[in-house]
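These notes are about the structure you will find just below.
The values are calculated or read from the model by the stated rules, or taken from the named source; none is laboratory data. Since we're looking at a predicted model, the values are computed, not measured. Cβ placement follows ideal geometry from the backbone for every residue including glycine, while neighbour counts extend to all protein chains displayed. Heads up: the accessible areas ignore ligands, DNA and RNA and are worked out on the full protein's heavy atoms, side chains in. Shrake-Rupley method; radii C 1.70, N 1.55, O 1.52, S 1.80 Å.
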Amino acid sequence: MADTEDIDVRGGQGQVVDPETYRDSIGTMEQSGKRKWVFPRKPKGKYTNYRNIVSYLLLIIYFAVPFIKINGNPFFLFNVIDREFYIVGQPFFPQDFFILTLGAIASLIFIIIFTIAFGRIFCGWICPQTIFMESVFRKIEYWIEGDRNKQMKLDRQEWNSEKIMKRSLKWSVYVIISLIITHIMFMYIVGYEEVIKIVSEGPFQNLTNFIVMILFTSAFYFVFAWFREQVCTLVCPYGRLQGVLIDKDTINVFYDFKRGENRSSWRKGEDRKAAGKGDCIDCHQCVVVCPTGIDIRDGQQLECVNCTACIDACDEVMEKVGLPKGLIRYASENEIENRTAFKFTGRMKGFAVVLVFLMGFLGFLLYNRGEMEAKFIKPAGSTYFVRDGKISNTYNYTFLNKTNDKKIVTIKVIDPAHAEINFSVRQNITVERDRISKGTINISFPENEMKLSKQNITIGVYDLKGNLIDSYQTYFEGPFKLQF
């Protein structure tokens, strides 16, 4: 963190604040523990425009993905209840969860590497909490109640007709937006057709679903109408994780204290350098735009989500007073303190190597996932029977078609060569795409060929062209045989 022992962080000169005083408390809480409500000023500037573009693109993706299908399959579906999972239109089944687990591990390592290198950029640019709060709910609040000063005035005034009207309108819109977000979220779980069906049938026909929908809507409303930045400062585990991941080479939003101190109010025509003053004119614009209520000039803090609002606010002021921009900017602590450039550290390289290995292994597993998974299991309690000099065993088969195409397959015994299959229904079995097919077969083996009472048998599943799709090894039972 920036060394603040010689920095006046509260304005004026000679008022030195212990550098740890702002770290032992939360910026949105009074010392008594009472909530300190944050009224951030509407940000504007280059980074705000970029963030708006990113937010709108991600919002479009969020609202559009449930309606996109590939080869008739949902683009993304995570139906835990019915155990239906689709990623980029490809079906995944509980049997494939080791692949998804590996993907989750690779994602975690990516987050670690990204955080080590670039801090909490994810929080300010991509996090759903930030996107919904700043690009949806906060903008509605600005539209209805006005900017910072008007909101503070409205909050202080009595509950007159103006306040009741504005607050009621805002809260009503919040409820509608929360309902929409909840319905879209459920589309990721059960599909948009099912959600539309539930809505059209009404709450009394789907009471459980209706109650769950209301609970999630209430949760969204609570978070964005009241809890707000407390999610980032009190709840989010990622904010705690960054404390052990970032170091002095991590890129974050930093205040250049070497250039900015000693801070002092602006006086036109003054030679600030000759007067021993820094470029910070102590205007507090970086503070009033912060959505988590911190002063970035105190150094890197847990509450900072790297939203860049303070960068835009400071650059605007610097431009007005004719000083260089970048007093607050993306930089590493080493860059600020020692004027050194960003470098890819050994720790970053080590994590990157692990990530590349995991991603390669994950790609290999996805490529070799196979078109079909076949299992042949002997029914519980079943045994062999002998007929016409042949020993027969019964097997229940289960075929899982993992492709987007219908498969017509047949079954053959690969080893031992003398075994024969007696089909109970038909030899060619049709397995619909993304579906499971079950049935029963009998496998016969000449009694005089049996060398052991239980021996291995390999069964293959072939397509109509004779290509082996999958194989399964199980055992074949016969009469007890003495071995000499």
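Within the full protein context, the accessible area of Val287 is estimated at about 40 Å² for a probe radius of 1.4 Å.
Both the radius of gyration and Dmax for the range 193-288 are 25.4, 78 Å, in that order, over alpha-carbon atoms. Backbone amide hydrogens, once placed in the peptide plane, bring Ile70 within less than 5 Å of Phe75, excluding anything fewer than 5 places away on its chain.
Remark: the range 326-484 carries 58 Å² of accessible area per residue (probe radius 1.4 Å; ligands, DNA and RNA excluded). As a fraction of the 1.4 Å probe accessible area of the range 186-237, surface on carbon and sulfur atoms comes out at 75 percent.
Against the chain, whose longest principal axis comes from its Cα atoms, helix 46-64 is set at around 30 degrees.
Where only DSSP H runs of four or more residues are counted, the chain gives -11500 deg cm²/dmol as its mean residue ellipticity at 222 nm, each run worth -39500 (n - 2.57).
For the range 303-421, the relative contact order works out to 14 percent when only alpha carbon pairs closer than 8 Å and six or more residues apart are counted. Can you tell me the orientation of helix 309-321 relative to the chain, as the angle in degrees between its alpha-carbon axis and the longest Cα principal axis, to the nearest 10? Helix 309-321 sits at roughly 30 degrees to that axis.
When each of the peptides 263-274, 108-119, 397-408, 52-63 is scored by how many other beta carbons lie within 10 Å of its residues on average, the order from highest to lowest is 108-119, 397-408, 52-63, 263-274. Using C-alpha pairs under 8 Å with a sequence gap of at least 6, the mean separation divided by the residue count of the range 181-259 gives a relative contact order of 20 percent.
Could you let me know the centre-to-centre spacing of the range 83-114 and the range 344-415, using Cα atoms, in angstrom? Cα centroid of the range 83-114 versus Cα centroid of the range 344-415: 18 Å apart. Each listed q (0.12, 0.16 Å⁻¹) maps to a log10 I(q)/I(0) for the range 106-172 from the Debye sum over equal C-alpha point scatterers, namely -0.49, -0.65.
Between Ile111, Ile121, Asn79, the Cα set farthest toward the positive side of the dipole of the range 78-160 (charges on each charged residue's Cβ, about the Cα centre) is that of Ile121. Just so you know, the Cα atoms of the range 271-425 work out to an Rg and Dmax of 34.9, 111 Å. Over the chain, the hull volume per residue, using the convex hull of the C-alpha atoms, is 239 Å³. Surface exposure of the range 101-197, expressed per residue as accessible area with a 1.4 Å probe, stands at 49 Å². Between the Cα long axis of helix 161-190 and the first principal axis of the chain there is an angle of about 30°, rounded to the nearest 10.
Relative contact order, whole percent, for the chain stands at 16, derived from Cα pairs under 8 Å and 6 or more residues apart. For the range 284-404, the fraction of 1.4 Å probe accessible surface lying on carbon and sulfur atoms is 62 percent.
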